[in-house]
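The values are calculated or read from the model by the stated rules, or taken from the named source; none is laboratory data. The structure displayed is predicted, hence computed values, not measured ones. Every residue, glycine among them, receives a Cβ derived from its backbone with ideal geometry; neighbour counts consider all protein chains shown.
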Amino acid sequence: MPLHHAVLALLTEGPDHGYELKGRFEEAVGPQWGGLNIGHLYQILDRLVRDGYVTKSLVAQSDRPDKTLYELTAAGREELREWATSAWVRTGGFRDELFLKLFGASALGTDALSSFVTAQRQAYLSELAGLTRLRRSHTGDPLVALLIDAAIAHTRADLELVEGAADRLAPIAGSGTQVPVRADGNEAREGTREPKPRKKGA
């Protein structure tokens with residue numbers, strides 16, 4: 001549960017409330033992870049409280065509703081330490097839509113495969129340009145810079161894979177030719193003869 005543990009990591013800096021945690025998460029890893037839904041965050045916090053990793057308390061405010069403050073427990077710190085210091089092992093395989101698209105394009109033939117490779121190559125080059133600009137704007141934040149560097153390395157690896165895909169998949173790519181169609185609109189299957197025209201009055 002990586003988001004659960006990320007929230008525990010945020011709470012190591014001291015007690016905090018939901019919206020502040022959301023803002024700090026998005027500032028720390030948002031450029032690559034994306035935004036954090038506040039409703040989902042409160043579900044995570046409730047789960048962490050139930051598990052004994054976090055406590056919550058109400059702080060009275062004179063000019064606005066009471067604020068719920070969340071604080072890391074000793075059990076929560078130990079859970080975070082166990083998770084953060086153990087190796088990450090991929091368990092879901094490489095479920096990337098890229099490979100499904102390569103499969104689909106190969107089935108359509110070499111022309112379709114070549115068209116997809118050209119389009120995907122341009123998409124990766126555009127993505128790399130955007131990541132490079134983003135990297136220059138985050139030189140002062142080591143964690144965000146590291147995440148962007150990881151995204152750049154991943155995109156470059158995908159670009160290299162795609163650039164060689166047409167040649168590597170050529171042996172299995174179909175011809176892409178369409179089934180011929182007879183004058184009556186039906187498909188003419190290989191090995192079948194065209195029906196002879198019927199005589200008038202037959």
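Can you pull out the residues in the range 127-138 that are charged (D, E, K, R) and more than 14 Å from Val29 (Cα to Cα)? Steps first, please.
Pass one, the range 127-138, residues charged (D, E, K, R): 127, 133, 135-136.
Selection gives Glu127, Arg133, Arg136.
The residues of the range 139-153 that are closer than 15 Å to Glu26 by Cβ and surrounded by fewer than 16 Cβ atoms within 10 Å (Cβ to Cβ), listed by number, are Asp141, Leu143.
Here His40 meets each of (1) at pLDDT 90 or above; (2) within 26 Å of Gly140 (Cβ to Cβ); (3) part of a helix (DSSP H, G or I) with one exception, condition (2).
Looking only at residues that are of a type in the set (Val, Ile, Thr), in a helix (DSSP H, G or I) and more than 18 Å from Asp96 (Cα to Cα) in the range 119-163, which one is modelled with the highest pLDDT? Quick ask: steps written out before the conclusion?
Applying the first criterion (of a type in the set (Val, Ile, Thr)) to the range 119-163 yields 132, 139, 144, 148, 152, 155, 162.
With the extra rule that they be in a helix (DSSP H, G or I), the set shrinks to 132, 144, 148, 152, 155, 162.
When the remaining residues are screened for being more than 18 Å from Asp96 (Cα to Cα), the result is 132, 144, 148.
Values: Thr132: 93, Val144: 85, Ile148: 90.
By that ranking, first place goes to Thr132.
Here are the criteria: (1) part of a strand (DSSP E or B); (2) polar (S, T, N, Q); (3) surrounded by 15 or more Cβ atoms within 10 Å (Cβ to Cβ). Tell me which single one Ser57 does not satisfy. So the condition that Ser57 fails would be (3).
Among the residues of the range 11-37, those identified as modelled with pLDDT under 90 and either touching a Phe, Trp or Tyr at 6+ places or on another chain (Cβ under 8 Å) or not in a loop (DSSP other than H, G, I, E, B) (or both) are Arg24, Phe25, Glu26, Glu27, Ala28, Val29, Gly30, Pro31, Gln32, Trp33, Leu36. Restricting Leu98, Leu8 to those that are under 30 Å from Ala165 (Cα atoms), outside any loop (DSSP other than H, G, I, E, B) and at pLDDT 85 or above reduces the list to Leu98. Restricting attention to the range 73-126 and to residues that are closer than 30 Å to Gly18 by Cβ and in contact with a Phe, Trp or Tyr (Cβ under 7 Å, 6 or more places away or on another chain), the residue that is surrounded by the most Cβ atoms within 10 Å (Cβ to Cβ) turns out to be Gly76.
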